[in-house]
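These notes are about the structure you will find just below.
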């Protein structure tokens, strides 16, 4: 299961590491792709995420989250190695939380579930892939909502 580091956490977020660990645990149970190594959760401004999106995806606009991996084969990865980074736009978290009627933290957890699935090779390029990935996201979010008495939408 992943371990994680929080980098540049904004003051407006009160992150519960127990929920993050539970997200990793549930994804690990639901999919047959073992997780190990360290996942950096990095928070940046809209300008910074736009620059990253332009540099790595050739899309010159802001986005809410980007996922990066540093190895093509994780089989020999040590649990102490940083293998992934998920980069969040702090400003987008706040904006989307209001838009979707989530707390800032709930919006972060929703984006984290989606991004962790990307990190372990899920994608949504086709309708079939989208449905499969969305089903897994929904499963994790439903379990998180029940366990922690929150209501991620």
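Is it the case that some residue within the range 8-24 is more than 28 Å from residue 146 (Cα to Cα) and out of contact with any helix residue (DSSP H, G or I) (no Cβ under 7 Å at 6 or more places or on another chain)?
yes
Given the criterion at pLDDT below 90 and either in a helix (DSSP H, G or I) or more than 18 Å from the chain's Cα centre (by Cα) (or both), identify the matching residue among 80, 115. Spell out the reasoning first.
Details: 115 fails: at pLDDT below 90.
Going through 80, 115 in turn, the sole match is 80.
Test of understanding: among 86, 33, which residue is surrounded by fewer than 16 Cβ atoms within 10 Å (Cβ to Cβ), under 22 Å from residue 136 (Cβ atoms) and in contact (Cβ under 8 Å) with a residue 12 or more places away in the chain?
On the way: 86 fails: surrounded by fewer than 16 Cβ atoms within 10 Å (Cβ to Cβ).
Residue meeting the stated conditions: 33.
Considering 129, 73, 135, which residue is part of a loop (DSSP other than H, G, I, E, B), more than 21 Å from residue 5 (Cβ to Cβ) and either at pLDDT below 95 or out of contact with any helix residue (DSSP H, G or I) (no Cβ under 9 Å at 6 or more places or on another chain) (or both)?
73
Any idea which of 122, 68, 100 is touching a strand residue (DSSP E or B) at 6+ places or on another chain (Cβ under 6 Å) and more than 21 Å from residue 18 (Cα to Cα)?
Being touching a strand residue (DSSP E or B) at 6+ places or on another chain (Cβ under 6 Å) and more than 21 Å from residue 18 (Cα to Cα) holds for just one of 122, 68, 100, which is 68.
Go through 47, 51 for me and flag whichever is at pLDDT 95 or above, farther than 22 Å from residue 113 by Cα and surrounded by 14 or more Cβ atoms within 10 Å (Cβ to Cβ). I'd like the intermediate steps shown before the answer.
Details: 47 fails: surrounded by 14 or more Cβ atoms within 10 Å (Cβ to Cβ).
Of 47, 51, the one residue that is at pLDDT 95 or above, farther than 22 Å from residue 113 by Cα and surrounded by 14 or more Cβ atoms within 10 Å (Cβ to Cβ) is 51.
The values are calculated or read from the model by the stated rules, or taken from the named source; none is laboratory data. The structure displayed is predicted, hence computed values, not measured ones. No Cβ is skipped: glycine too gets one built from the backbone with ideal geometry, and neighbour counts run over all protein chains shown.
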